[in-house]
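The values are calculated or read from the model by the stated rules, or taken from the named source; none is laboratory data. Note that this is a predicted model, so its numbers are computed, not measured. Virtual Cβ from ideal backbone geometry, glycine too; neighbours counted across all protein chains shown. Just so you know, the surface numbers come from the protein's heavy atoms only, side chains and all, with ligands and any DNA or RNA stripped out. Shrake-Rupley method; radii C 1.70, N 1.55, O 1.52, S 1.80 Å.
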Amino acid sequence: MFWYKQTKSCIHQNINSVRVAAILSFIEQHYPENITLSNIAEIVNISERETLRCFKKITGESPIQYLLKYRLIRSASVLTEYPDKNISIVAEECGFDSPAYYTKKFKEFYLCSPREYRQVHQAVF
């Protein structure tokens, strides 16, 4: 009976890994768009609650938290790659509806404003 539980656990883990891989791929391809938990759940054809459980079990965070972090990381790359691009445009291109919200979340994540981040990282290059 022990091997059955182990096998069942492995199969469930593999299914979760496949689901999370599909979610990550979806987020990477569509991060600038307005993505909801419902959209993400549809991709893997499971309920929103199961999507949250599955994703959090594998990654340690919710899909929406991951999406926010992914957007912030992408925006930081854009800020340094395109130093003349307006920060509001960077925010919009990375999926943020409001430049103020973008700046707030950016500061929380990077402990500096987008403008400060750009200045520091331009000086390095």
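Laid out as a table, the results:
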{"read-out": "DSSP H segments from the chain that extend 30 Å or more along their own axis, Cα-based, with Kyte-Doolittle mean of -1.0 or above", "value": "2-30"}
{"read-out": "Length added when fully stretched, Ser25-Ser98, from 0.36 nm per residue minus Cα-Cα", "value": "23.8 nm"}
{"read-out": "Region 61-125 shape via C-alpha gyration tensor axes, a/c threshold 1.5", "value": "prolate"}
{"read-out": "Radius 14 Å from Cβ of Glu108, net charge of other residues (Lys, Arg +1; Asp, Glu -1)", "value": "+4"}
{"read-out": "Cβ-Cβ FRET estimate between Arg49 and Ser77, R0 fixed at 35 Å, reported to 0.05", "value": "0.60"}
{"read-out": "Cβ-Cβ FRET estimate between Phe109 and Asn14, R0 fixed at 30 Å, reported to 0.05", "value": "0.40"}
{"read-out": "Heavy-atom accessible surface of the chain: percent carbon and sulfur, 1.4 Å", "value": "54"}
{"read-out": "Bins of 10 Å from zero: percent of alpha-carbon pairs in the chain", "value": "13, 36, 26, 16, 7, 3, 0"}
